[in-house]
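Below: one structure, written as structure tokens.
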Amino acid sequence: MPSVSIETTRAFCGATPTYGREGRLQIMVAVSDFTAENGGTLVIPGSHRWDDQRGPKQAEAAPTVMRAGAALIWTGSTYHGGGNNSSEAPRTGLTMAFDLACLRQEENQYLSIPREKLLDLSEEVQRLLGWGSGANLMGYVERGGQMIDAHVLLENGAVELPTAR
């Protein structure tokens, strides 16, 4: 078994809700075939039922084997990780995560949108793109010891963004 990091959403976000339901559903679609040799995503079946005290063991991880076009679906509390590609062929997959509103997207892609284009959008669309903060302090920006909603920074022009091309 390759030596890789096996994690859950809990490892990425200490503020994961503990109110008895999953905070994330994740899907990995195989663009190319996934095999044990090319590092198919490792999962530990049943680990979503473990409490926070139980950690994963590398020997429990099983590689995902699936043909291109197939999909693996798991909950955010399932231990998983990237496999080690020991083959000559690349392994390509497309992953999508669906999070509860209290969680944020993994990438801050909204920082790549030119300011002029953002200001033409409604506040609702700006917030849907990520220019807002949750009630759990996720998405805020610390400035001078104060936690500020990212949308306030956008409105005040206090953030550098690329210019329109």
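Restricting the search to the range 16-55, which residues are at pLDDT below 60 and surrounded by 15 or more Cβ atoms within 10 Å (Cβ to Cβ)? Steps first, answer last, please.
As a first pass, look at the range 16-55 and keep what is at pLDDT below 60: 16-19.
Residue satisfying the conditions is T16 alone.
Name the strands (runs of 3 or more DSSP E) wholly inside the range 22-123 in which the number of residues that are of a type in the set (V, I, T) and touching a residue at least 60 places away in the same chain (Cβ under 8 Å) is 1 or more.
Values: elements: 24-30, 71-75, 93-99.
Where strands (runs of 3 or more DSSP E) fall fully within the range 22-123 and carry at least 1 residues being of a type in the set (V, I, T) and touching a residue at least 60 places away in the same chain (Cβ under 8 Å), they are 24-30, 93-99.
Name every residue in the range 56-69 that is out of contact with any Phe, Trp or Tyr (no Cβ under 8 Å at 6 or more places or on another chain) and of a type in the set (G, A, S), in order of residue number.
A59, A62, A68, G69 - these are the residues of the range 56-69 that are out of contact with any Phe, Trp or Tyr (no Cβ under 8 Å at 6 or more places or on another chain) and of a type in the set (G, A, S).
The values are calculated or read from the model by the stated rules, or taken from the named source; none is laboratory data. Small disclaimer: the values here were computed from a predicted structure and weren't measured. In this analysis, Cβ positions are derived from the backbone assuming ideal geometry, glycine residues included, and neighbour counts consider all displayed protein chains.
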